[in-house]
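This report concerns only the one structure given below.
The values are calculated or read from the model by the stated rules, or taken from the named source; none is laboratory data. In this text, all values refer to a predicted model and were calculated from it rather than measured experimentally. Cβ placement follows ideal geometry from the backbone for every residue including glycine, while neighbour counts extend to all protein chains displayed. Just so you know, the surface numbers come from the protein's heavy atoms only, side chains and all, with ligands and any DNA or RNA stripped out. Shrake-Rupley method; radii C 1.70, N 1.55, O 1.52, S 1.80 Å.
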Amino acid sequence: MTREEKIEFLSRYKEIDNTIDRKLDELSMWKARRLNITPTYSDMPKGGQQDDKIQSAVEKIMMLEQDIDATIDELEKTRIEIERAIDRVPDRAQRLLLLLKYIDRQNNYTWDKIAVEMNYTWRHIMRLHNLALDSLKTE
């Protein structure tokens with residue numbers, strides 16, 4: 001596996017996590033829309049147009065929830081695969097660098113932040129990253 005392929009492999013974690021966030025936002029939007037569907041009352045007989053809107057919103061919500069569940073399952077498998085690969089990197093500093101860059105979402109680490117966090121120069125972090133990628137073995 002080339003360095004570029006390894007970076008792509010490691011980057012999958014955040015990509016899938018971002019996909020889940022987008023889908024959760026869409027789910028929230030559909031739930032809000034469902035709550036905003038208000039019935040209109042009239043003495044004239046009409047078809048079930050209002051029921052169709054509610055049913056359509058509920059169906060969309062159910063489909064999104066199933067899709068989110070499947071994506072979360074994919075994320076869990078990917079997370080385990082990536083964490084196992086990182087755990088097999090022999091050097092502790094290299095493992096930490098990979099975890100900060102590719103797994104940690106709380107702090108959104110840039111190369112500069114990683115250098116400060118690890119108390120290394122930016123240049124050394126880049127060298128360490130290359131060494132970590134060279135040490136990374138995927139299954």
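Values as computed for the structure displayed
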read-out: Residue in segment 66-74 that is among the hydroxyl-bearing types (Ser, Thr, Tyr) and either open to solvent by 60 Å² or more (accessible area, probe 1.4 Å) or at pLDDT below 80 (or both) present; value: no
read-out: Complete set of residues in segment 48-100 that are closer than 30 Å to THR121 by Cβ, among the basic types (Lys, Arg) and without any contact (Cβ under 8 Å) to a residue 40 or more places away in the chain; value: ARG92, ARG95
read-out: When residues of segment 101-117 are limited to those that are open to solvent by less than 20 Å² (accessible area, probe 1.4 Å) and closer than 23 Å to ASP17 by Cα, the one modelled with the lowest pLDDT; value: TYR102
read-out: Hits in segment 75-100 - residues which are loosely packed, with under 14 Cβ neighbours inside 10 Å and either outside any helix (DSSP H, G or I) or in contact with a helix residue (DSSP H, G or I) (Cβ under 6 Å, 6 or more places away or on another chain) (or both); value: ARG88, PRO90, ASP91
read-out: Scan of segment 101-124 for residues that are assigned to a helix (DSSP H, G or I) and closer than 15 Å to ILE7 by Cα, ordered by number; value: LYS101, TYR102, ILE103, TRP111
read-out: Odd one out for GLU139 among (1) under 25 Å from the mean Cα position of the chain (by Cα); (2) part of a helix (DSSP H, G or I); (3) of a type outside the set (Phe, Trp, Tyr); value: (2)
read-out: Any hit, segment 118-136, residues being among the small types (Gly, Ala, Ser), open to solvent by 20 Å² or more (accessible area, probe 1.4 Å), out of contact with any Phe, Trp or Tyr (no Cβ under 7 Å at 6 or more places or on another chain) and farther than 30 Å from TRP30 by Cβ; value: yes
